[in-house]
1. Which of the residues spanning the stretch 1-60 are among the hydrophobic types (A, V, I, L, M, F, W, C), assigned to a loop (DSSP other than H, G, I, E, B) and modelled with pLDDT of 85 or more?
2. Tell me which of these Met64 doesn't satisfy, since it passes every other one: (1) open to solvent by 50 Å² or more (accessible area, probe 1.4 Å); (2) at pLDDT below 85.
3. Name, by its number, the condition in (1) open to solvent by 100 Å² or more (accessible area, probe 1.4 Å); (2) under 14 Å from Thr6 (Cα atoms) that does not hold for Gly23.
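The values are calculated or read from the model by the stated rules, or taken from the named source; none is laboratory data. Note that the structure is predicted; figures quoted are calculated from it, not measured. Calculation scope for accessible area: heavy atoms of the full protein, side chains included, ligands and nucleic acids excluded. Shrake-Rupley method; radii C 1.70, N 1.55, O 1.52, S 1.80 Å.
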Amino acid sequence: DNGHGTQVAGVLGASMNGSGIFGVYPSADLISLKVLGGDGMGTTYDALEALAYVKEHHIPVVNMSF
């Protein structure tokens with residue numbers, strides 16, 4: 001809702017573009033899990049559910065930008 005997750009994903013995984021800008025790891029596979037509402041509010045339970053999903057799917061690296 002606020003673009004933060006999209007910006008973080010771009011910094012991490014952007015492919016080289018015509019401006020010479022590229023991400024930290026352009027070939028990374030990215031998955032987004034939204035735990036906060038458009039108002040920036042969420043619960044600890046929501047965050048724990050996202051982490052359970054990460055663990056269940058053996059996702060090796062997590063960035064949680066709250």
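1. Answer for the stretch 1-60, where residues must be among the hydrophobic types (A, V, I, L, M, F, W, C), assigned to a loop (DSSP other than H, G, I, E, B) and modelled with pLDDT of 85 or more: Ala14, Val24, Ala28, Leu30, Ile31, Leu33, Val35, Leu36, Met41, Ile59.
2. That leaves (2) as the condition not met.
3. (1)
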